Amino acid sequence: MEEEERLPMMASKDLWFLLPRCRLQQLARDWLAEDAPWLDFSGWAASCGGEGYQEAVLLCKSAGVLAGSPFFDAVCKEANCSVEWERDEGAWLEPVTRVATVRGHVNDLLLAERPALNALSRVSGVATLARQVSEQARAAGWTGQVTGTRKTTPGFRLPEKYGLLVGGAGTHRYGTGDLVMLKDNHIWAMGGVRNALHTVHTLLGRTLKVEVECRSLEEALEAAEGGADIIMLDNFTTELLHQSAVSVKAAFPGIIVEASGGITPQNVLQYLGPHVDMVSMGCLTQGPPSIDFSLKLAKGLKKTSCTSHPSPTTSTDLQ
């Protein structure tokens, strides 16, 4: 598939504006502090042994979607480095591709390298799997939405949710405060579907949409009658899922039906149907392999009396 066909309808660069700058800065500071909480002996040695100001080349070494540029930028900026991008956010990359040039003092470049690469690799992996699954669904003629879930890496939810968007998938809810989801434990604790919905509507009115996780068609119809906005048919067999979706839509045409539980890139097409509006997949943020990026100094460091290590050579495997 050509690169232009892989890009989602919304330009990925526009998604940068969703990210609060203060949050990007805080994440960058946290990642840098985690990686270098104390004295940086290797960075000091490299700085002692070569020229102060250097250029480094960012390379993509495995196929995938470029995603996470804002996080890479934030880390580099916090380390007092600048980035000049040569490929756009959301672009499909084949190995080996030159992606960006990073400039700064050698010690700062080495300080930023691992946290920046970790973020970029992980977010790009999420975006790549999200795009692959979303494209499968569109190619099948399905008009609903593939989404992620709250099954994210602790402390890394914002980057992973952002990666879903770059990949063309939906984020579902970000946290517990932007959509009320009544799962099985909530329902059991509140004495059943009807009581749970009554409690939520009494507390909130209609200020937030309410989703109910249902384990049977009977529960789904009860939730719809009780005023749920979204019905999640959870861990249904594909046959029962589609039969139940037809029944729910026949009685409540305006309700949103979500399929969830056990859905993977290998079986997702079995869950798509005209009465299913959304499929949510935890594997989009739990299972994707990271995309392989590396950062290489563009020129060898000049030898001085402070170092006896051989100078790295300029990378030649660029595309």
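The values are calculated or read from the model by the stated rules, or taken from the named source; none is laboratory data. On a predicted model such as this, the values are computed, not experimentally measured, just so you know. Please note: Cβ atoms are built from the backbone with ideal geometry, for glycine as well, and neighbour counts cover all protein chains shown. Only protein heavy atoms, including side chains, enter the accessible area calculation; ligands, DNA and RNA are left aside. Shrake-Rupley method; radii C 1.70, N 1.55, O 1.52, S 1.80 Å.
Test of understanding: among Ser134, Ser82, Ser121, Ser62, which residue is more than 24 Å from Asp14 (Cα to Cα) and among the polar types (S, T, N, Q)?
Criteria check complete, one pass: Ser62.
Residues of region 202-246 being in a helix (DSSP H, G or I), open to solvent by 40 Å² or more (accessible area, probe 1.4 Å) and either among the aliphatic types (A, V, I, L, M) or farther than 17 Å from Leu269 by Cα (or both), which ones?
Thr202, Leu203, Leu204, Leu217, Glu218, Leu221, Glu222, Glu225, Leu240, Val246
Considering only region 123-180, how many residues are in a helix (DSSP H, G or I) and surrounded by 15 or more Cβ atoms within 10 Å (Cβ to Cβ)?
Count: 25.
With respect to Ser82, is the statement that it is more than 14 Å from Lys296 (Cβ to Cβ), open to solvent by 40 Å² or more (accessible area, probe 1.4 Å) and small (Gly, Ala, Ser) true?
yes
Can you tell me which residue within region 106-122, out of those that are touching a strand residue (DSSP E or B) at 6+ places or on another chain (Cβ under 6 Å) and more than 22 Å from Leu165 (Cα to Cα), is most open to solvent (accessible area, probe 1.4 Å)?
Going through the qualifying residues, I end up with Glu113.
Considering (1) at pLDDT 95 or above; (2) surrounded by 18 or more Cβ atoms within 10 Å (Cβ to Cβ), say which one Thr264 fails and leave the rest.
(2)
Could you check region 268-295 and list, in sequence order, the residues that are in contact with a helix residue (DSSP H, G or I) (Cβ under 8 Å, 6 or more places away or on another chain), part of a helix (DSSP H, G or I) and either more than 30 Å from Leu110 (Cβ to Cβ) or not polar (S, T, N, Q) (or both)? Even if it seems obvious, please write down each step before you answer.
Of the residues in region 268-295, the ones in contact with a helix residue (DSSP H, G or I) (Cβ under 8 Å, 6 or more places away or on another chain) are 268-273, 275-276, 279, 281, 283-285, 287-295.
The next check asks that each one be part of a helix (DSSP H, G or I); those that pass are 268-271, 283-285.
Across region 268-295, the qualifying residues are Val268, Leu269, Gln270, Tyr271, Cys283, Leu284.
Among the numbered conditions (1) modelled with pLDDT of 95 or more; (2) among the acidic types (Asp, Glu); (3) in a loop (DSSP other than H, G, I, E, B), tell me where Glu258 comes up short.
Condition not satisfied by Glu258: (3).
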